[in-house]
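Input: a single structure, listed below in structure tokens.
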Amino acid sequence: MEELYKALKKQLDDGRVSIEVADLSSYSFDASFGEYMPDIICQPMSTEEVVHIVKLCNEYDVPIYPRGSGTSLSGGPLAVHGGLVLDFSRWDNDITVYENDLMMEVSPGVITEKIHKVAESYGLMYPPDPSSSRISTIGGNLAENAGGPRCLKYGVTKDYVVGLEVVTANGDVIHCGGCTVKNVTGYDMTKLIVGSEGTLGIITKATLQLIPKPIDTKTAMLQFDDFITSGKAVSKILRSGILPSKIEIMDKYCVDAVLSTHPIENITADSESLLLVELDGHPLALEAEMKIIEETCASLPGCKMIIAQDEQQASELWEVRKLVSPAIVKFGPTKISEDTSVPISQIPAFFEEIERIRQAYDLNLVVFGHAGDGNLHPNIIIDKRKPEEMKRAEKAVAEIFKASLKLGGTLSGEHGIGLFKKPFMYNEFDEAGMKFMKDVKQALDPNNRLNPGKIFPDENERFVLVHDE
Amino acid sequence: MTSNLIDKLDYDATFDCVQCGFCLPSCPTYLTMKEEKHSPRGRINLVKYAVEGKVTLKDLEEAIDLCLGCRQCETVCPTDVKYGDIYESAVEVLREKRNKKLDTRIMSLFLERNYMLDIMYQGLKLYHTPLISTVINKTKALDVLPERLGNMAAILPPVKKEKTQTQNPFRTKKITVGFFRGCMMDAFFSNINDLAIKILQAHDIQVVEIKQQTCCGALQHHAGEMEKSKKLAKLNIEALEKYDVDYYVNAIGGCGASLIEYDHLLRDDESWKARAEKFVGKVRDISVILDNINLNLDIPINIKATYQPSCHLQNVQHVFNEPEKIIQRIKGLDYKVLPEKDICCGSAGIYNIVNYDASMDILDRKMSHVKEVEPQLIITSNPGCHLQMLLGVKKEGLEENIKVKHIVEVVAEACGIR
Ligand SMILES: Cc1cc2nc3c(=O)[nH]c(=O)nc-3n(C[C@H](O)[C@H](O)[C@H](O)COP(=O)(O)OP(=O)(O)OC[C@H]3O[C@@H](n4cnc5c(N)ncnc54)[C@H](O)[C@@H]3O)c2cc1C
Ligand code: SF4
Ligand code: SF4
């Protein structure tokens with residue numbers, strides 16, 4: 001390691017490589033609760049530097065963990081086997097807009113919100129909007145194939161990337177895709193790299209597709225007496241011919257938690273479930289479309305609907321959703337944020353499962369998420385200093401995934417598998433499916449240089465929150 | 001060796017951090033240094049690791065020393081992490097570890113004793129006498145000072161000290177306020193205090209000047225000299241309690257923040273807790289008072305202006321909108337929002353002297369935003385920021401184009417008060 005450090009320092013001598021304990025500690029965590037000390041931190045600022053670093057790591061046989069802002073909730077950038085953290089947060093300023101092509105080319109460290117702002121300044125929009133967009137990097141978004149509330153209408157990160165520059169495990173630079181919307185030349189390597197969680201290649205440049213920015217938005221809030229009806233409402237709205245940009249759902253525990261600290265006019269905590277619906281488009285169309293939604297939902301028993309009359313009211317309604325994460329930590333200091341997707345029709349059934357697990361394990365378990373696309377976030381709030389509570393949470397998490405898979409769902413809608421969900425991989429895929437993925441990894445990264453310890457479970461690995469010793 | 005020292009770190013508060021990173025873009029040192037250890041999330045984690053024995057106190061030093069203590073990170077944190085407490089505990093522990101009085105030693109000597117203040121004031125007056133300052137400049141006397149002090153000295157405003165008479169034993173008017181002058185403020189900007197008092201009086205507010213007041217204790221506090229700041233807090237509470245006033249008003253973002261946290265500072269002192277809480281309930285920034293009265297803003301000020309909030313006014317006193325609301329009421333004034341206005345300017349007590357380079361990087365970023373706005377006036381609400389902005393304007397060679405004024409000065413001008 002010492003030698004690698006010396007070699008790296010020759011090229012990156014301006015404080016962008018470090019083995020100081022304070023630095024190593026500072027990159028030993030992400031937004032999950034995992035903790036692994038790396039041995040070296042490197043902050044590259046060009047493709048050439050990345051190539052150089054990768055080649056040196058090969059020479060000294062040291063693993064590499066790409067990292068954006070460390071907002072991963074699945075332990076994605078953690079240095080589980082020690083080695084070098086390749087931190088892209090400093091390379092955050094290369095942005096080129098090709099206005100007439102509706103494209104943007106960015107360096108991996110660019111913050112997602114900056115992409116939104118730059119696109120908007122051209123009257124355009126970059127649709128993917130993870131709730132972490134103020135902090136997450138585009139590299140991290142691409143590697144995790146990030147989602148967010150707007151996915152319902154616009155799709156996820158992978159739907160807006162047309163080209164990538166990638167440094168491979170042996171230090172080659174390859175280009176996948178290009179700068180056209182349509183491109184079917186050869187294998188779709190772009191889509192393979194997107195969502196590969198830093199295990200197949202290191203993204204050093206991305207060409208993103210932009211779309212015209214919708215002129216206006218309109219928001220409605222629907223409160224329900226029971227889950228089943230709220231679940232039905234989602235399908236009913238989507239079948240009415242209207243495609244909202246967002247449909248978000250929250251259970252009563254979330255709503256309670258928010259309202260207990262931030263009372264909001266006209267919203268009561270007595271409903272079992274709450275939906276927020278946002279439409280975007282031309283103002284005239286929005287009026288008409290909102291009417292259709294109103295009529296569609298009028299026939300649903302026990303449904304109360306509030307339509308925001310202006311931007312201010314809309315943002316008040318959205319406040320409820322925005323405050324969920326901070327509000328629920330009043331139940332305890334440790335938050336285990338899970339992420340799973342189920343078919344839309346199964347949302348009510350999933351909510352019932354959650355209620356059952358909540359009671360069986362006596363935990364503060366709440367659920368909210370992107371109902372429109374079935375992507376839900378069960379959250380368990382506990383205190384990680386209490387091992388007994390952690391044990392119960394551990395079992396609850398396993399049950400949540402079992403329930404989701406049973407309902408035709410998947411392990412992750414947007415946060416990735418990373419470190420924490422790999423023990424469940426065999427629950428979703430069979431041997432052949434897993435082998436196919438492992439073959440890809442083996443072919444592209446035979447020495448397991450890139451982000452080792454992620455996605456693929458070790459033999460007989462099981463999910464643990466606390467170790468027994 | 002350091003085990004009991006480590007116990008003083010606020011370990012419990014670190015557990016509220018869910019490491020989401022929402023605070024990163026609001027942290028000036030993270031924005032300029034782009035290293036996790038110089039972010040709030042990184043600092044909190046280092047404190048936690050120090051308690052857990054994963055890093056030493058030595059490893060903590062750089063990260064904590066370079067924190068401005070601006071507490072902007074607190075206002076954006078979704079889980080309400082008490083960063084101030086964590087930071088404060090780390091500063092105190094590090095001070096004890098180094099076991100030496102910090103650079104603030106001389107400073108506190110000044111601040112604690114009024115006669116010292118007078119000496120400082122005399123010195124400044126001398127410096128700003130045209131003859132003396134020419135001599136100093138000609139002989140390059142300032143060059144013997146380190147660059148940082150030289151730069152600071154060069155931007156200090158001329159000192160004027162003519163105190164307004166404010167004591168009036170008869171309560172004839174609607175509200176009565178006790179005025180807290182603050183020591184640095186009064187040394188460098190006594191005219192602002194005077195103007196503030198005049199504005200209040202001109203709007204039917206009775207102002208009582210509290211003779212026994214002393215330094216607020218902010219600088220000592222930031223240096224981890226807790227005992228000293230507690231002593232000063234008690235002196236001030238005692239002094240102000242003697243007067244039957246509705247509010248304790250000040251025009252200094254930083255000192256006001258210190259006053260408003262006396263209850264927190266004295267929380268473990270049973271005999272003082274209740275008194276401190278009562279005291280804190282009366283502390284108000286001048287802008288809060290001015291926003292609530294019908295100011296006679298009759299004189300237009302036709303100028304393009306921007307506003308740099310004081311971190312402590314916002315993040316500790318939670319005064320966010322009042323100054324801007326007042327500014328927007330001034331006739332003719334073309335108000336433009338400063339991009340990243342909520343980010344600290346890098347002044348932070350004596351940070352800009354102790355951590356000169358880091359402070360200047362932050363200031364450069366600030367000035368790049370100022371240049372985007374191209375204002376003719378930068379409005380401030382705290383002497384530290386005021387001096388820093390003056391320094392920024394000077395560094396950029398914009399003295400001809402951009403003035404820096406305290407919000408009180410601007411309001412006074414618009415009210416025709418001199
Ligand atoms: C409060 C909060 C809200 C969130 N909301 C959402 C949401 O709505 N939707 C959503 O999808 N996610 C969400 N997330 C999860 C997280 O923000 C996303 O996964 C995000 O994409 C991670 O970006 P990052 O820059 O922080 O990457 P990191 O966390 O640093 O890394 C994530 C993964 O990407 C890899 N990686 C990073 N950069 C590169 C690169 N240049 N090349 C190759 N691999 C790379 C890393 O190795 C790692 O596997 C949320 C997280 C938080 C804390
Ligand atoms: S915003 Fe708050 S919870 Fe999130 S990382 Fe910063 S301090 Fe921790
Ligand atoms: S107090 Fe200011 S400088 Fe320190 S961590 Fe918070 S935002 Fe950064």
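The values are calculated or read from the model by the stated rules, or taken from the named source; none is laboratory data. As the structure is a prediction and not an experimental result, all values here were calculated from the model. Virtual Cβ from ideal backbone geometry, glycine too; neighbours counted across all protein chains shown. We work out accessible area using only protein heavy atoms, side chains counted, and drop any ligands, DNA or RNA first. Shrake-Rupley method; radii C 1.70, N 1.55, O 1.52, S 1.80 Å.
Taking the square root of 5 times each eigenvalue of the Cα gyration tensor, what semi-axes in Å does the equivalent ellipsoid of region B:2-98 have, largest first? Could the numbers behind the result be given before it?
Details: eigenvalues 83, 40, 25 Å².
Ellipsoid half-lengths, sorted descending, are 20, 14, 11 Å.
Which percent of the accessible area of the protein assembly as shown is formed by carbon and sulfur heavy atoms (probe 1.4 angstrom)? Walk me through the numbers before you get to the answer.
On the way: 18690 of 36570 Å².
Ligands and nucleic acids excluded, carbon and sulfur reach 51 percent.
May I ask you to derive the relative contact order of region B:297-415, considering only C-alpha pairs under 8 Å and at least 6 residues apart, and to give it as an integer percent? List each step's numbers first, then the result.
On the way: 175 pairs, mean separation 41.1, N = 119.
So the answer I get is 35 percent.
Counting Lys and Arg as +1 and Asp and Glu as -1, each charge on the Cβ, what is the dipole of region A:262-301 about the Cα centre in debye, to the nearest 20? Each step should come with its number before you reach the end.
Details: 1 positive and 9 negative charges, 8 e Å.
Rounded to the nearest 20 debye, it is 40 debye.
Binning every alpha carbon pair distance of the protein assembly as shown at 10 Å from zero, what are the percents per bin?
Per 10 Å bin, starting at zero, the Cα-Cα P(r) for the protein assembly as shown comes out as 2, 11, 19, 22, 20, 14, 8, 2, 0, 0 percent.
Using only the alpha-carbon atoms, how far is helix A:47-60 inclined from the longest principal axis of chain A? Give it as 0 to 90 degrees, nearest 10.
The angle comes out near 60 degrees.
Over all alpha-carbon pairs of region A:133-288, lay out the pair-distance distribution in 5 Å bins, whole %, shortest bin first.
2, 8, 13, 14, 13, 12, 12, 10, 7, 5, 2, 0
Averaged across the residues of B:37-47, what count of C-beta atoms belonging to other chains lies within 10 Å of each residue's C-beta?
Numbers: counts 10, 2, 4, 0, 7, 7, 2, 0, 7, 4, 0.
For peptide B:37-47, the averaged partner shielding equals 4.
With every atom except the alpha carbons ignored, what do you get for Rg and Dmax of region A:286-369, in angstroms?
Looking at region A:286-369, its Cα Rg and Dmax stand at 16.6, 46 Å.
Can you work out the accessible area per residue across the protein assembly as shown, with the rest of the protein chains kept in place, probe 1.4 Å, in square angstrom? Numbers along the way, then the final one.
Numbers: 36570 Å² over 887 residues.
That works out to 41 Å² for each residue.
Report the B-A buried area as the accessible area lost on both sides summed, probe 1.4 Å, in Å² to the nearest 100.
Details: alone 18600 and 20470 Å², together 36570 Å².
The summed interface area works out to 2500 Å².
Taking the Cα centre of the protein assembly as shown as origin and charging only Cβ (+1 Lys, Arg; -1 Asp, Glu), how large is the dipole, in debye to the nearest 20? Provide the component values of the computation, followed by the final result.
Working: 102 positive and 127 negative charges, 510 e Å.
Value, rounded to 20: 2440 debye.
Treating only the Cβ of Lys, Arg, Asp and Glu as charged (+1, +1, -1, -1), what charge dipole size does chain A show about its Cα centre? Round to the nearest 20 debye.
Details: 47 positive and 70 negative charges, 84 e Å.
Using only the charged Cβ atoms, the result is roughly 400 debye.
How much net charge surrounds A:N58 when only other residues with a Cβ under 14 Å from its Cβ are counted (Lys, Arg +1; Asp, Glu -1)?
On the way: positive: A:K55, A:R449; negative: A:E3, A:E59, A:D61, A:D172, A:D445.
Neighbourhood net charge equals -3.
Tell me, what ³J(HN,Hα) does each residue in region A:115-131 have, in order and in whole Hz, if you take phi through Karplus 6.51 cos²θ - 1.76 cosθ + 1.60 with θ = phi - 60° and put x for Gly and Pro?
Taking θ as phi minus 60°, the curve returns 4, 4, 5, 5, 4, 4, 5, 9, x, 10, 9, 9, x, x, 9, x, 4 Hz for region A:115-131.
Taking each residue in A:13-22, count the Cβ atoms of any other chain within 10 Å of its Cβ, then average. What number comes out? Mind dumping the intermediate values first?
Numbers: counts 0, 0, 3, 2, 0, 2, 0, 4, 9, 17.
Other-chain Cβ atoms within 10 Å of each residue's Cβ, averaged: 4.
Find out how many positive minus negative residues lie around A:R358, taking Lys and Arg as positive, Asp and Glu as negative, among other residues whose Cβ is under 12 Å from that of A:R358. Display every interim value, and only then the final one.
Values: positive: A:K252, A:R356, A:R392; negative: A:D251, A:E352, A:E353, A:E355, A:D362, A:E399.
In short, -3.
Past 30 Å, Cα to Cα, is the threshold; run B:K48/B:K282; B:K37/B:K234; A:K213/A:K421; A:K9/A:K454; B:K325/B:K371 against it and keep the listed order. Each step should come with its number before you reach the end.
Numbers: B:K48/B:K282 35 Å; B:K37/B:K234 36 Å; A:K213/A:K421 36 Å; A:K9/A:K454 28 Å; B:K325/B:K371 23 Å.
Pairs exceeding 30 Å: B:K48/B:K282; B:K37/B:K234; A:K213/A:K421.
Putting +1 on Lys and Arg Cβ atoms and -1 on Asp and Glu Cβ atoms, find which of B:N45, B:Q220, A:S404 reaches farthest to the positive end of the dipole of the protein assembly as shown.
Selected residue: B:Q220.
What are the semi-axes of the equivalent ellipsoid of region B:297-415, taken as the square roots of 5 times the eigenvalues of the Cα gyration tensor, listed largest first and rounded to whole Å? Can you show the working numbers first?
Values: eigenvalues 107, 53, 27 Å².
For region B:297-415, the ellipsoid semi-axes come out as 23, 16, 12 Å.
Pulled fully out, how much extra length does the chain show between A:E3 and A:K406, if you take 0.36 nm times their separation in residues and subtract their Cα-Cα distance? Don't jump to the answer; show the numbers that get you there.
Numbers: separation 403, 0.36 × 403 = 145.08 nm, distance 5.07 nm.
Stretched out fully, the A:E3 to A:K406 stretch lengthens by 140.0 nm.
For A:D458 and A:R239, what is the calculated FRET efficiency with R₀ set at 41 Å and r taken between the beta-carbons, to the nearest 0.05?
Values: r = 44 Å, r/R0 = 1.08.
In this case the efficiency is close to 0.40.
Excluding A:F424 itself, calculate the net charge of residues whose Cβ lies under 14 Å from the Cβ of A:F424, where each Lys or Arg counts +1 and each Asp or Glu counts -1.
On the way: positive: A:K395, A:K402, A:K406, A:K421, A:K422, A:K454, A:R462; negative: A:E338, A:D339, A:E394, A:E399, A:E428, A:D430, A:D458, A:E461.
Here the count lands on -1.
Name the residue farthest towards the positive end of the dipole of region A:332-469 from the options A:G433, A:F463, A:Y361, assuming +1 on Cβ of Lys and Arg, -1 on Cβ of Asp and Glu, about the Cα centre.
The one lying farthest along the dipole's positive direction is A:F463.
Which aspartates and glutamates does B:K174 reach when only Cα atoms under 15 Å apart count, and residues fewer than 8 places away in its own chain are ignored?
Cross-link targets: B:D204, B:D244, B:D246.
Over the alpha carbons of region A:73-162, what is the largest minus smallest coordinate on each principal axis, giving the biggest first in Å?
Answer, in whole Å and largest first: 45, 29, 22 Å.
Can you give me the orientation-averaged projected area of the convex hull built on the Cα atoms of region B:176-290, in nm²? Display every interim value, and only then the final one.
Details: hull surface 26.2 nm².
Here the figure is 6.6 nm², rounded to one decimal.
Would you calculate the separation in nanometres between label points at A:I211 and A:E355, each defined as 7 Å from the Cα along the Cα-to-beta-carbon direction?
It is 3.5 nm.
Hey, can you list the residues from region A:82-115 whose accessible area shrinks by 20 Å² or more with all protein chains present, relative to the chain by itself (probe 1.4 Å, no ligands or nucleic acids)?
For region A:82-115, once contacts with the other chains are taken into account, A:S89, A:R90, A:D92 lose 20 Å² or more.
Per 0.36 nm of contour for each residue apart, how much would the distance between B:E399 and B:Q376 grow if the chain were fully extended, relative to their Cα-Cα spacing? Could you put the intermediate results ahead of the total?
On the way: separation 23, 0.36 × 23 = 8.28 nm, distance 0.98 nm.
Stretched out fully, the B:E399 to B:Q376 stretch lengthens by 7.3 nm.
Straight-line reach from A:K438: which aspartates and glutamates have a Cα under 17 Å away, not including same-chain ones fewer than 8 places off?
By straight Cα distance, A:K438 reaches A:E197, A:E428, A:D430, A:D458, A:E459, A:E461.
Checking the table B:K211/B:K331; A:K236/A:K322; A:K55/A:K182 against a 30 Å threshold on Cα-Cα, which pairs fail?
Working: B:K211/B:K331 36 Å; A:K236/A:K322 25 Å; A:K55/A:K182 34 Å.
Long pairs (Cα-Cα over 30 Å): B:K211/B:K331; A:K55/A:K182.
How big is the Rg/Rh ratio for region A:343-450, C-alpha atoms only, Rh by Kirkwood, two decimals? If you can, show how the numbers build up before the last one.
Values: Rg = 16.0 Å, Rh = 15.5 Å.
Rounded to two decimals, Rg over Rh is 1.03.
Determine, at each q value in 0.17, 0.19, 0.25 (inverse angstroms), the log₁₀ of I(q)/I(0) that the Debye formula gives when each Cα of region A:168-239 is one equal point scatterer.
-0.79, -0.85, -1.20
Search the structure for amide H atoms under 5 Å from the amide H of A:N447, placed 1.01 Å from N in the peptide plane, and list their residues when 5 or more places away or on another chain.
Counting only residues 5 or more places away or on other chains, the set is empty.
Using packing as a proxy for protection, rank A:198-204, A:245-251 so that the peptide with the highest average count of other Cβ atoms within 10 Å comes first.
By packing density, highest mean first, the sequence is A:198-204, A:245-251.
Along the charge dipole of the protein assembly as shown, which of A:S315, A:P44, B:T176 sits closest to the positive end, that is, farthest toward it, with unit charges on the beta carbon of Lys, Arg, Asp and Glu (+1, +1, -1, -1)?
Going by the Cα projections, it comes out as B:T176.
Principal axes first, then extents: for the Cα atoms of chain A, list largest minus smallest coordinate on each axis, whole Å, largest first.
69, 60, 43
Find how many whole Å separate the alpha carbon centroid of region B:233-281 from the alpha carbon centroid of region B:63-99.
When both Cα centres are located, 22 Å separates them.
What do you get for Rg/Rh over region A:1-109 if you use C-alpha atoms and the Kirkwood form of Rh?
Values: Rg = 14.9 Å, Rh = 14.6 Å.
Using Cα coordinates only, the ratio equals 1.02.
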